[in-house]
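Structure, as structure tokens:
The values are calculated or read from the model by the stated rules, or taken from the named source; none is laboratory data. Please read all numbers here as calculations on a predicted model, not as lab measurements. Using ideal geometry, Cβ is built from the backbone for each residue, glycine included, and neighbour counts are taken over all protein chains shown. Accessible surface areas use protein heavy atoms only, side chains included; no ligands, DNA or RNA. Shrake-Rupley method; radii C 1.70, N 1.55, O 1.52, S 1.80 Å.
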Amino acid sequence: MPAVIEQELGDFIEAAGLLSYDPAAITRIYAGHPQRLLRRLWQTLVPIGLLLLGLATDWVLGLLKSPERARNRAKECAELLVELGPAFIKAGQALSTRPDIIPPVLLEELAQLQDQLPGFDSDLAMACIEEDLGAPIEEIFKDLEREPISAASLGQVHRGVLMSGQAVAVKVQRPGLREQITLDLYIVRNIAAWLNSNIGLIRSDLVALIDELGRRVFEEMDYLNEAANAERFRELHHQNPRIAVPAIYQDSTSRRVLTMEWIDGVKLTNLSAVRALGIDPDDMVEVGVSCSLQQLLEHGFFHADPHPGNLLALEDGRLCYLDFGMMSEVSRESRTGLIQAVVHLVNRNFAQLSKDFVTLGFLAEDVNLEPIVPAFESVFSQALEMGVNRMDFKSVTDDMSGVMYKFPFRVPPYYALIIRSLVTLEGIALSVDPEFKILGAAYPYFAQRLMEDPDPQLRQSLKEMLFDGEAFRWTRLENLVASAASQAQLDLDTLLDQVLDFLFSANGGLLRTQLVEAVVERLDALGWLTVQRLGRQLPRALQPALISNTSSWGIEQEQLLDLEPIRQLLVVLQQLPGFSPDLVLKRLPRLIREPDARRMGAQVAKGLAERGVVRLVKVAAGIPA
């Protein structure tokens, strides 16, 4: 290997041995080699200092009050981050999901940051493959294109063919990347520490944010970690016939080289190409949204970077996910908390919603929530008036950014990645359907989880959703079931079991009481109607006065038998995909065994008897029954 290539290929030896993010170790490394630090400081701090000086001058002169001037400065900041390299690009992308730190105008510019960079020398790429895989190129690949097909901040991709004949994509890491990343993180972390100590307006822990970024970038730089993520993602979704994940070839994979199955597909945003495959772009978006929500709320392991290049429509109708370097996990408690927050949002319970933000880690426990509740009401009320299906996610998040910047919010790292994922996904969906609403698309899945999940906290949330004080809201249950039913993967058996579980649970007492009262009222009315009809068959002279009096006929038969809104709910159930009477019939043995069901039967009999006695007394007394 030529000496020049070997020198460029190798990292600074101490940094190269740093396989996981360790701020203390990074400090020790560069404290002993100040010349490297001083060179990079000159490259970064001079342009950053000039930008900050310009911003300070604009602020003193009041120029930043001009929206155009503020926008130009925000664009200048985003462009500078791209010029400074991978670590600063990643930092900007991380900050683009932090409305608690960044003003809205800068937030919008950072959200558009791209990490597309020119590729590096092909000789270096080939040398890296041979060094990491321990063999000449020709012994590993039957063919490998020297020129990359794409390049990003951390590496570039080459197309090749394994000795087995399998077409593959080979991702190769940029030479010297680990050293550049660690050095930049060291600089940025010290800047963050100074800002936290000297700028009182910054409430969030910037050092903690940089440390989180450092951990994630180090995970991205380890292609063995990405390979493990891809395999885990494939296993979690292997039963979904609409999702594809490229196979990983472990024998040709290392920390700096990742070899995966070559996938022929087209970007979802290339509508004409998607349609040319005979695929409806709207259908692919629906698959992507459903899969993303399943990742977030069911598996708790989600793809945090679903940009257009990482989502491909395949000829067989599947949606393929690529690039598993940026993944994140959401705990069971956080998933439950997110669903509870949606329930409180839909129910307009803003006081409880503010407490959800404490539970989810957005607000400290000692924060005064009193001024935050009306701020939530102001942000969400108008959007809720349009209904969940028509809520504009970007408008809501923009308004929320203002609230988070004004009040002492701190955005948990997992939530920042969720926002990034959903915003990116919505951007793709909007390019397909300009009327797409991510919240409307997401609500059916939230409804499904709320109806099916046995988690005790979600059972309580279901009760909150269905009851308004002591009154049971049939329309809410109907809407919830209808929303859940729109999910193609709805488990109807589980849904019906959950409905019965809720009915016969401690929380279902009020519902059981209302059901008994409704059945008693309808059966009593039906019985009286039957008596009237039989009485009318008697000779006129023998008809009781109250029966012969047409004014006592009361409610029409159709109204008496109209079990609204129970009837509406039955109609919804009958329309569920896969519904059949057998699903109900096979649950009859359980109903017979349920003590509460037997008690309900006894209460119905008692109620009918009491009403019958009262009616007889009224008839005997000549009072209309």
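What's the FRET efficiency of residue 159 with residue 24 using the Cβ-Cβ distance as r and R₀ = 25 Å, to the nearest 0.05? FRET efficiency, residue 159 to residue 24: 0.05.
The stretch between residue 65 and residue 79, if pulled fully straight at 0.36 nm per residue, gains 2.9 nm over its current Cα-Cα span.
When Rg and the Kirkwood Rh are both derived from Cα coordinates, the Rg/Rh ratio for the range 231-292 amounts to 1.05. The smallest convex shape that holds all Cα atoms of the range 118-222, its convex hull, gives 113 Å³ per residue.
Probe radius 1.4 Å, ligands and nucleic acids ignored: give me the carbon and sulfur share of the accessible area of the range 291-373 as a rounded percent. Each step should come with its number before you reach the end.
Working: 1350 of 2920 Å².
Carbon with sulfur: 46 percent of the solvent-accessible area.
Computed from label points 7 Å out along Cα-Cβ, the spacing between residue 105 and residue 43 is 3.2 nm. What would the Debye equation give as log₁₀ I(q)/I(0) for the range 309-367 at q = 0.18 Å⁻¹, counting only Cα atoms as equal point scatterers? So the normalised log intensities are -0.73.
Could you compute the FRET efficiency for residue 143 and residue 121, with r as their C-beta to C-beta distance and R0 at 35 Å, rounded to 0.05? Can you show the working numbers first?
Working: r = 20 Å, r/R0 = 0.57.
After rounding to 0.05, the efficiency reads 0.95.
So, for the range 133-291, what is the accessible surface per residue at a probe of 1.4 Å, expressed in square angstrom?
Details: 7040 Å² over 159 residues.
Here the residues of the range 133-291 average 44 Å² of exposed surface.
Sorted into 10 angstrom bins from 0, the C-alpha pair distances of the range 286-330 split as 28, 56, 16, 0 percent.
Dividing the alpha-carbon Rg of the range 210-363 by 2.2 N^0.38 Å yields what? Walk me through the numbers before you get to the answer.
Details: Rg = 17.9 Å, N = 154, 2.2 N^0.38 = 14.9 Å.
Normalised Rg, Cα atoms only: 1.20.
Dividing the convex hull volume of the alpha carbon atoms of the range 146-288 by its residue count gives 179 Å³ per residue.
The slack in the chain from residue 299 to residue 150, taken as 0.36 nm per residue of separation less the alpha-carbon distance, amounts to 50.6 nm.
Provide the FRET efficiency to the nearest 0.05 for the residue 373-residue 215 pair, computing r from the beta carbons and using R0 = 41 Å. Working shown, then result.
Numbers: r = 35 Å, r/R0 = 0.85.
Efficiency for this residue pair is about 0.75.
Legend: Rg and Dmax of the range 195-269, from Cα coordinates, 18.5, 54 Å. Binning the C-alpha pair distances of the range 300-449 at 5 Å intervals from 0 yields a P(r) profile of 2, 8, 15, 21, 22, 16, 9, 4, 2, 1, 0 %, listed from the shortest bin outward. The slack between residue 194 and residue 352, meaning 0.36 nm per residue of separation minus the straight C-alpha distance, is 53.2 nm. For residue 155, the residues 5 or more places off, or on other chains, whose built amide H falls under 5 Å of its own are 174.
Of the peptides 245-255, 596-606, the order by per-residue mean of other Cβ atoms within 10 Å, starting with the highest, comes out as 245-255, 596-606.
Which peptide among 21-33, 300-312 comes first, and what is the full order, when sorted by highest mean count of other Cβ atoms within 10 Å?
Values: 21-33: 14.8, 300-312: 19.8.
Descending mean neighbour count gives 300-312, 21-33.
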